[in-house]
Every structure is written in C-alpha cells, then in structure tokens.
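Below is one structure; the comments refer to it alone.
The values are calculated or read from the model by the stated rules, or taken from the named source; none is laboratory data. Source: prediction; values computed, not measured. Cβ placement follows ideal geometry from the backbone for every residue including glycine, while neighbour counts extend to all protein chains displayed.
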Amino acid sequence: MACADSSSNPTLRPYPYFKPEEDCEKLRKAMKGLGTDEKAIIDVLAHRTADQRVQIVNKFKTMYGKDLIRELKSELTGHFEDVIVAMCYSLDELDARELRRAMEGAGTDEQTLIEILCSRSNAQIRRIKEIYSNIFKGRNLEKDVMSETHGHFKRILVSLVQGNRDESTHVDMQAVQADAQALYKAGEKQLGTDESCFNRILVSKSEAHVRAVINAYSSVSKKDLEDALKSEMSGDLLQAFLAVTRCIRNKPGYFARQLKKSMEGAGTRDRHLIRIVVTRAEVDMADIKLEFSRQNGKSLEAWIADDTSGDYKRMLLALIA
C-alpha cells in the first residue's frame with residue numbers, strides 16, 4: 001500500500017516483566033464486586049503493547065472462561081470504554097474494525113478510510129484485508145470500498161487496497177524528472193485534470209521515487225506539488241492525495257495534523273483521536289509529539305488534557321507519555 005512506517009520512535013514499548021497471568025488476576029480483581037477500579041485497569045493496559053494486550057485477552061479466557069472484552073464493556077462506559085476496547089485488539093484487527101465501522105450503516109466516514117489506507121505499509125494492508133474477511137464473514141474489503149465510494153476517489157482507494165506499492169529503494173533521477181513533468185502536464189499545464197496520471201505515479205511508484213518527484217516538482221512548476229493538488233482537486237479526492245503525499249514526505253507530521261483536526265473546533269472526534277493514539281503509540285508517537293509541538297506551539301499532552309477528561313484522559317496521556 002502506501003507509506004512504510006518511519007523509523008520507530010514509540011512512546012510505548014514492550015513491558016519487560018510481562019506476566020499475562022498476573023495481569024489477568026489484576027484485571028479480574030479490578031472488576032470484581034461493586035464498582036470498578038479504573039486506575040488498576042489503566043496501570044496494566046497502558047503499559048503493555050498491543051501484542052501483550054492480545055495475550056492478556058487470550059489468557060483471561062483460559063483462566064476464567066470469560067471474554068475479557070465483554071467483561072470490560074459491561075464494567076466501563078463512554079470514551080474510556082471505547083479506548084480500552086480498542087486496546088484489546090491487535091493493531092491490524094483494530095484497523096480492520098475501524099474500516100468496517102467507517103462503511104456500515106448510513107453514510108461513509110471517508111476520513112477514516114483515507115487515514116488508514118494512505119498510511120499503512122503493503123504488509124499491513126494485506127494483513128488487514130485477511131483479518132477483515134475473517135471477522136466479517138463473507139465480506140471483502142475491496143468490494144466494500146467499491147460499493148461505498150465513487151469516481152476517482154474510489155479509484156485511489158482501490159489502488160491503495162491492493163497493498164502493492166513498489167518497494168524498491170533505488171531512485172532513477174531521469175524517471176523522477178519524467179514523472180514530475182507528467183504530473184505538471186496532467187494538472188497545471190492543461191485545462192482540466194488527468195486524475196489517473198496522479199493515481200498511477202503517487203500511489204503505485206516507490207516511496208523513495210515519489211519523495212524525489214515531490215522535490216523535483218517545484219523545479220518544473222512554480223508551485224509546490226501540494227499547492228498544485230489543491231488547485232486541481234477538491235473534496236475527498238484531494239484529501240486522499242494530500243494524505244498520500246504527506247505520509248511519504250513526513251508521516252509523523254501527517255499524524256500530528258490529524259490529531260489536531262480530531263480536537264479542534266466544537267466537539268472532539270473521539271474515534272479518530274483514540275485510533276491514532278492507540279495505533280501510533282508503539283510506532284512513532286514520540287516523533288508525532290515533536291511535530292505536534294512544532295506545528296501548534298503547544299504540546300500534544302496539553303491539547304489532550306484540555307479536550308478530554310477523567311479516566312479517558314488519563315489513559316490517552318499514559319499511552320503518549
């Protein structure tokens with residue numbers, strides 16, 4: 001698919017003294033009797049990676065014959081419940097579930113489709129597709145995307161769902177110049193836009209090649225490629241191409257923007273906030289925090305603290321600490 005992950009700089013690392021049996025006992029105790037010990041739940045789950053948390057879910061069923069996710073859902077409420085449940089799945093399964101949620105029912109959450117499909121690696125996309133078919137029996141991610149989207153926006157998402165971006169690291173500068181020229185001719189130089197040319201180059205060529213094309217474009221045109229995209233496209237299609245190019249240019253910077261978007265203005269887009277924090281904590285959250293401060297002059301911690309409350313806030317802050 002799109003962009004491979006940046007060099008790993010997480011805020012969450014594997015817990016070195018991990019004993020799933022002990023964690024299961026602590027969680028059972030936290031939910032036993034009247035009331036729930038939310039602090040104990042945070043203390044365990046906020047300091048375990050997704051792989052470790054999945055081991056806890058599996059071990060809990062072996063030890064007690066109960067589904068941990070169901071138990072947590074019955075004990076917790078609101079956005080704290082949402083973040084805890086999200087943390088009980090592998091990162092690929094969480095992506096698969098978020099993609100399904102984005103397309104089921106009335107309306108489509110295009111922003112979720114864009115964010116996940118434009119930022120995951122080929123290997124991640126392939127795993128997500130397999131998990132999607134396994135947990136949503138009889139469903140196919142590509143077919144669902146095709147039935148929920150239209151036009152050139154559908155085409156870019158279908159291209160991304162293939163998980164087949166060229167992975168070579170070699171850059172041929174002649175080919176780079178040719179593609180920069182091709183993009184210029186397909187957009188700015190002519191009346192109307194040849195969207196298929198943008199799709200072919202930006203979605204299928206290697207990240208190293210596209211990064212070089214982005215840099216070369218400004219020597220072919222007076223505009224930066226991002227500005228050219230903004231003048232040639234609009235709506236979901238523009239947002240998808242911007243996501244692809246921003247992920248390739250600077251993935252932590254892309255996620256910093258998305259985090260701000262999830263919290264700015266009236267109300268919080270909590271599903272987006274939760275998904276980004278949970279999926280990036282053990283990948284590149286330390287870099288995202290630096291980018292966020294650079295872009296906004298205020299720390300991510302401060303934004304989250306201002307925008308959320310209670311145990312929900314405590315869990316998010318623990319994941320990015």
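Could you count how many residues in region 262-283 are surrounded by fewer than 23 Cβ atoms within 10 Å (Cβ to Cβ) and either assigned to a loop (DSSP other than H, G, I, E, B) or in contact with a Cys (Cβ under 6 Å, 6 or more places away or on another chain) (or both)?
Selection size over region 262-283: 8.
Answer yes or no: is there a residue in region 40-60 that is polar (S, T, N, Q), outside the structural domain of Ser309 (by the TED database), part of a loop (DSSP other than H, G, I, E, B) and touching a helix residue (DSSP H, G or I) at 6+ places or on another chain (Cβ under 8 Å).
No; the residues of region 40-60 include none that is polar (S, T, N, Q), outside the structural domain of Ser309 (by the TED database), part of a loop (DSSP other than H, G, I, E, B) and touching a helix residue (DSSP H, G or I) at 6+ places or on another chain (Cβ under 8 Å).
Which condition number does Asp144 fail, the rest of (1) more than 19 Å from Cys247 (Cα to Cα); (2) within 20 Å of the chain's Cα centre (by Cα); (3) outside any helix (DSSP H, G or I) being met?
(3)
Could you tell me whether Ala180 is modelled with pLDDT under 95 and among the hydrophobic types (A, V, I, L, M, F, W, C)?
In short, no.
For region 168-181, what are the residues that are of a type in the set (A, V, I, L, M) and under 30 Å from the mean Cα position of the chain (by Cα)?
Scanning region 168-181 gives Val171, Val176, Ala180.
Among the residues of region 284-303, which ones are surrounded by fewer than 22 Cβ atoms within 10 Å (Cβ to Cβ) and among the aliphatic types (A, V, I, L, M)?
Ala286, Leu290, Ala302
Listed here are the residues, each with its yes/no results for (1) farther than 16 Å from Leu45 by Cβ; (2) touching a Lys or Arg at 6+ places or on another chain (Cβ under 6 Å).
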| site | (1), (2) |
| --- | --- |
| Val283 | yes, no |
| Ala286 | yes, no |
| Leu300 | yes, yes |
| Ser309 | yes, no |
| Lys313 | no, no |
| Ala318 | no, no |
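With respect to the numbered conditions (1) closer than 20 Å to Thr308 by Cα; (2) in contact with a Pro (Cβ under 9 Å, 6 or more places away or on another chain), which one is the sole condition not fulfilled by Met87?
The single condition Met87 does not satisfy is (2).
Run down Lys143, Lys129 and say which single residue is modelled with pLDDT of 95 or more and touching a Gly at 6+ places or on another chain (Cβ under 9 Å).
Just a single option satisfies the conditions, and that option is Lys129.
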